[in-house]
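Undergrad: First the structure, which I've put down as structure tokens, then a few questions once you've had a look.
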Amino acid sequence: MSWRHKTARLGLAAAALVGATGATGMDPVNPTCPLNPNWSDNPTMKLTIEKRGGMKVMLAEGRVDPGLPDRLAAALKANPDVGEIWLRSPGGDARAGNAAGRIIRSNMGLTTRIPSGWACFSACNFVFMGGQPRVIDPGGVFMVHMFTRTGDRAAIDMSVALGTDATRELIGDIEQDSALLASEDNDFLIRMGISRKLLTEIMYRQQAVASEDNKSTRRCLTLDEALKYGVTYAPE
């Protein structure tokens, strides 16, 4: 069976699986994205092997946690005939996402998919990037943001309360760690065949933290944008 026939069958199976659970309505704060993304509330990413469309697929649902790479490697070793990994996740640990993506890439020909109605955000993006090929079904949500360590407002408020020196130290730590992780993330994306323009035209143009004038911090790609930036592709 050709790749195109296989992916068409699995696309229909994905639509049947999640068509009734897709988010409806758009987010007024992040108008390119659904109001209620269907990205699973599992505190750690759950890996489930199922038959869909006559093929064996892995459903990867929930938060990208530090233990994911080891669980993923073990699950793929135990199920070498898995053909696709279907993702829905609110993100999580970026370094674990990178590691999981590299594990997927080491299994040549393993497809990653965001089915219709499912959302893949933040660290989930890196897991998705490991696929060869990568597929976003119509209605699937690939959501990005500008990576930042400044999202923990409680830590920021506490440092401000402690005074200028504590705030300066916190900002220094955040900037250093953010720069290191951004360098790792950028290197990973480019190695996975993603256009640098995704970073310069989309991700780094998002606000790191919502402001009074602009509360938007997320961006969901259209399918045309996903193709343009190399997020999705199909072999000829």
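The values are calculated or read from the model by the stated rules, or taken from the named source; none is laboratory data. Everything quoted here is computed from the prediction, not taken from an experiment. Because the Cβ atoms are built from the backbone with ideal geometry, glycine has one as well, and the counts that use them run over all protein chains shown. Heavy atoms of the whole protein, side chains included, go into the accessibility calculation; ligands, DNA and RNA do not. Shrake-Rupley method; radii C 1.70, N 1.55, O 1.52, S 1.80 Å.
Undergrad: Would you list 85, 103, 49 from the most to the least accessible area, probe 1.4 Å?
TA: Numbers: 85 0, 103 40, 49 60 Å².
Descending accessible area places them as 49, 103, 85.
Undergrad: In what sequence, largest accessible area first, do 191, 218 appear using a 1.4 Å probe?
TA: 191, 218
Undergrad: By average Cβ neighbour count within 10 Å, what is the ranking of 50-60, 105-115, 123-133 from highest down?
TA: Details: 50-60: 17.8, 105-115: 19.5, 123-133: 25.0.
The peptides rank, most packed first, as 123-133, 105-115, 50-60.
Undergrad: Between residue 51 and residue 228, what length comes free when the chain is fully extended (0.36 nm per residue of separation minus the Cα-Cα distance, one decimal in nm)? Intermediate values should be presented prior to the final figure.
TA: Details: separation 177, 0.36 × 177 = 63.72 nm, distance 3.15 nm.
So the chain would gain 60.6 nm between residue 51 and residue 228.
Undergrad: Here's something else I'd like to know. For residue 46, what accessible surface area do you get with a 1.4 Å probe? Give it in Å², rounded to 10.
TA: Using a 1.4 Å probe on the heavy atoms, I get roughly 120 Å².
Undergrad: What translational D, rounded to a whole number of µm²/s, comes out for the stretch 18-117 from Stokes-Einstein when the hydrodynamic radius is the Kirkwood one over Cα pairs, at 10 °C and 1.306 mPa s?
TA: Translational diffusion coefficient: 111 µm²/s.
Undergrad: Using only the Cα atoms of the stretch 64-129, build the gyration tensor, take square roots of its eigenvalues as a ≥ b ≥ c, and label the shape rounded, prolate or oblate: rounded if a/c is under 1.5, else prolate if a/b is larger than b/c, else oblate.
TA: oblate
Undergrad: Place the peptides 68-75, 36-43 in order of packing, highest mean first, counting for every residue the other Cβ atoms within 10 Å and averaging per peptide. Walk me through the numbers on the way to the answer.
TA: Numbers: 68-75: 17.9, 36-43: 16.4.
Per-residue mean Cβ counts within 10 Å order the peptides as 68-75, 36-43.
Undergrad: How long is the gain from residue 215 to residue 73 if the chain were fully straight, where each residue apart is worth 0.36 nm and the alpha carbon distance is subtracted?
TA: My answer for the length gained is 47.3 nm.
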